Amino acid sequence: MGMDLDDSLDSLKGIGEKTKQTFQKAGIENLRDLITHYPRNYESYDAPKQINSLQEGEVAAVAAQLTAPLATRYIRGLSISTALCSDGSDVMAVTWFNMPFLKNQIRSGVTYVFRGRIKAKGQRLLMEQPAVFQTEQYEGLAGVLRPVYSLVKGLTGQMIQKAVRQVLAQKSLLQDYLPEEFRTKYQLAEYNYAIEQIHFPKDYHAMLLARKRLVFDEFFFFILQLRSLKSVREKSENHFRILPGIRTVQLLEHLPYTLTSAQMRVWKTIEKELQGESVMARLIQGDVGSGKTIVSILALIMVADSGYQGALMVPTEVLARQHYQSVCELIEQNAFPFSTVLLTGSMTAKQKREAYEKISGGEASIIIGTHALIQEKVVYHSLALVITDEQHRFGVRQREMLSLKGQMPHTIVMSATPIPRTLAVILYGDLDISVINEMPSNRLPIKNCVVNTGYRKKAYEFIRRQVEEGHQAYVICPMVEESEAVEAENVVEYTEVLRGELPGDITVEYLHGKMKPSMKNEIMNRFLLNEIQVLVSTTVVEVGVNVPNATVMMIENAERFGLAQLHQLRGRVGRGSAQSYCIFMHAMDGKQIQERLDILCKSNDGFEIANKDMQLRGPGDLFGVRQSGMLDFTLADIYTDAEILQQANEAAGEILKKDPQLQLPEHQKLKAHFELLIRHQTDHLNL
């Protein structure tokens, strides 16, 4: 059977049109997408624990007997089956939803192994929706790692496993493109072995070997992209005669605050480079709230003052509208003769058409929007400056595509993601780096506390008091293992609980990644206007919106996040003049967890925290600590995998020094794979 990785999913047995559409909802379009839809975790069948040693939040197995037959009751069409079980050390409750048939399958007085996540309910522990095994059956699973995939409604882990096994059966399908000398030098597994063992590892060691190879590849090709971007830029001269002008001086004089010395230092560097002979490519790194945006607005004004266009691309529509309104106000207050347009995905066809005309005709000097700025229909008149906010949300390819809209425009990338300098030099390899390492003087430091779940009632009471004082709060919902759909349900369920805990006049709403963009925008807008006082959310708020009135950030299951991401979430508050607070709540106790989270109490410096995060991560954190989502790598995490990142950088440098265009015979497979990845990324941008 001939099979190609670009073949559609319906080339596999058992996948028809309907099943194919279900896979597509998870972003799996073809066989290549399928085999690179890696497990996001593994279930390991460890020896059963005693009930009296269990901790809330952990996934564990217990060998126990029901103390009485299962009782089933029905609430609004939902069946709930409950029982108590005992192993001699203590008693634990077990609950199943919509599984009434279990009543005939699980008998009291017989020992079974129950496996699931532990919750606390009153004074007793509860295992919700546990898997049930005969004792011999469970013993046979000892040492097996079962893959757990990100799923969508209608897609099961079993369906993915079955499809992946069919592809892997075609042994000749996957040719290794990495030269053997590098595989040997960095002790990297062969590609076919890595793909097979990442999906179906024979043991933990094999999974780590597979993961190392695939993480290396992710970093390696990312760095190749950066290097190719840099080589194009270095050959480009500055085609735009940008002059200092008086309007940036005027703007600085009329601001209601004075820039910090760090902001001024970075602005002076940018001002000089815009007038230089070469094209500027600069990263502005600085903590949330350090004032990167005003520096970028100064650059947009300077470019507009010289008769050119500047574009600012941000991750969310609400943020784009906020920036648009801020820039329009500054232009109006200073009577500048510039026109600004907004361009986002949710605008009507007529609104977009009008924006396109203003952009292509040169009427618009400053263009602000989301990824809609890089759509094919957008034609710029004289694009001299491209600014992207939180670049890792867009990816290098998208940034490159916006750059290609002009005659090699200047580039500024802004990032609040705290990355240790040693890694930033690699990850932003095509950019010069400026750091704003000083906070505005009117910013009060956020007050932090690390508590366990016993503090939850007090936390709710604290949120109530803050809302009564006129403020707002975020609650980041506990992470859920199974799928995005369950994570969404979890947010909804948590919101219901919180509504019951808080007075009826406090509006509590939820936000999660599965919501339609229009609904997300509506919720964020209502929160911005204080129509919603408490927002329960997944991490989608991380780069969402600036709400100066929000003074409380409460993060459930804080132990499952990386420190750098916790720091960024915390940065959503403390943006106004009022004192702000962050509550890190952990469900699992332990000295190590407490020490790790205490780092956030001791420091509000993102770079210091990022360095500590890098030092603290180890192989045990590969899946236990929530991946940071940095630069949208699939498997790689820059903190846990810092050493692999440095090796990939070294290897890319060595290959490109020897063969800059990848033209040597031994690099042909590598070149073909690199070009394929670029095409693949472009297709996925839906242009």
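Key figures for this structure:
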read-out: Failed item in (1) surrounded by fewer than 21 Cβ atoms within 10 Å (Cβ to Cβ); (2) within 17 Å of Thr293 (Cβ to Cβ); (3) at pLDDT 90 or above, with Asn437 passing the rest; value: (3)
read-out: Top-ranked residue of the stretch 14-28 - restricted to ones that are assigned to a loop (DSSP other than H, G, I, E, B) and at pLDDT below 90, ranked as most open to solvent (accessible area, probe 1.4 Å); value: Gly14
read-out: Tally, over the stretch 282-321, of residues that are closer than 16 Å to His239 by Cβ and open to solvent by 10 Å² or more (accessible area, probe 1.4 Å); value: 3
read-out: His371 being modelled with pLDDT under 90, surrounded by 18 or more Cβ atoms within 10 Å (Cβ to Cβ) and not acidic (Asp, Glu); value: yes
read-out: Residue list for the stretch 321-352, filter: assigned to a helix (DSSP H, G or I) and in contact with a helix residue (DSSP H, G or I) (Cβ under 9 Å, 6 or more places away or on another chain); value: Arg321, Gln322, His323, Ser326, Val327, Leu330, Ile331, Gln333, Lys352
read-out: Residue list for the stretch 227-246, restricted to those being modelled with pLDDT of 85 or more and surrounded by 19 or more Cβ atoms within 10 Å (Cβ to Cβ); value: Phe240, Ile242
read-out: Residues being out of contact with any Ser or Thr (no Cβ under 8 Å at 6 or more places or on another chain), assigned to a strand (DSSP E or B) and more than 27 Å from Lys202 (Cα to Cα) - total across the stretch 118-147; value: 5
read-out: All positions within the stretch 405-426 that are buried (at least 23 other Cβ atoms within 10 Å of the Cβ) and within 18 Å of Ser228 (Cβ to Cβ); value: Pro409, Thr411, Val413
read-out: Selection count, the stretch 40-59, where residues are touching a residue at least 60 places away in the same chain (Cβ under 8 Å), within 22 Å of Gly122 (Cα to Cα) and either surrounded by fewer than 17 Cβ atoms within 10 Å (Cβ to Cβ) or among the small types (Gly, Ala, Ser) (or both); value: 4
read-out: Per-region count, the stretch 455-506, residues modelled with pLDDT under 95, of a type in the set (S, T, N, Q) and in a helix (DSSP H, G or I); value: 2
read-out: Members of the stretch 501-511 that are open to solvent by 50 Å² or more (accessible area, probe 1.4 Å) and in contact (Cβ under 8 Å) with a residue 24 or more places away in the chain; value: Glu501, Tyr510
read-out: So Pro337, is it over 30 Å from the mean Cα position of the chain (by Cα) and either farther than 30 Å from Glu438 by Cβ or open to solvent by 10 Å² or more (accessible area, probe 1.4 Å) (or both); value: yes
read-out: Residue satisfying all of: in the stretch 73-89; part of a strand (DSSP E or B) and open to solvent by 40 Å² or more (accessible area, probe 1.4 Å); farthest from Asn104 (Cα to Cα) among these; value: Ile75
read-out: Restricting the stretch 655-676 to residues that are loosely packed, with under 14 Cβ neighbours inside 10 Å and in contact (Cβ under 8 Å) with a residue 24 or more places away in the chain, the residue that is nearest to the chain's Cα centre (by Cα); value: Ala672
read-out: Single residue of the stretch 259-300 satisfying the filter (hydroxyl-bearing (Ser, Thr, Tyr) and out of contact with any Pro (no Cβ under 9 Å at 6 or more places or on another chain)) that is farthest from Ile368 (Cα to Cα); value: Ser261
read-out: Residue within the stretch 233-250 that is over 30 Å from Ile655 (Cβ atoms) and under 24 Å from the mean Cα position of the chain (by Cα) present; value: no
read-out: Among (1) under 24 Å from Thr634 (Cα atoms); (2) open to solvent by less than 30 Å² (accessible area, probe 1.4 Å); (3) in contact with a strand residue (DSSP E or B) (Cβ under 9 Å, 6 or more places away or on another chain); (4) in contact (Cβ under 8 Å) with a residue 12 or more places away in the chain - the single one Arg146 does not satisfy; value: (2)
read-out: Residues satisfying the stated conditions in the stretch 296-347, i.e. in contact with a Leu (Cβ under 8 Å, 6 or more places away or on another chain) and of a type in the set (Asp, Glu); value: Asp305
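Quick grid of which residues meet (1) crowded, with 17+ Cβ neighbours inside 10 Å; (2) closer than 21 Å to His323 by Cα:
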site	(1), (2)
Gly513	no, no
Lys516	no, no
Met519	no, yes
Leu528	yes, yes
Gln533	yes, no
Thr539	yes, no
Val545	yes, yes
Ala550	yes, yes
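The values are calculated or read from the model by the stated rules, or taken from the named source; none is laboratory data. These numbers were taken from a predicted model, which means no experiment stands behind them. All Cβ positions, even for glycine, are placed from backbone atoms using ideal geometry, and neighbour counts span all protein chains on display. Calculation scope for accessible area: heavy atoms of the full protein, side chains included, ligands and nucleic acids excluded. Shrake-Rupley method; radii C 1.70, N 1.55, O 1.52, S 1.80 Å.
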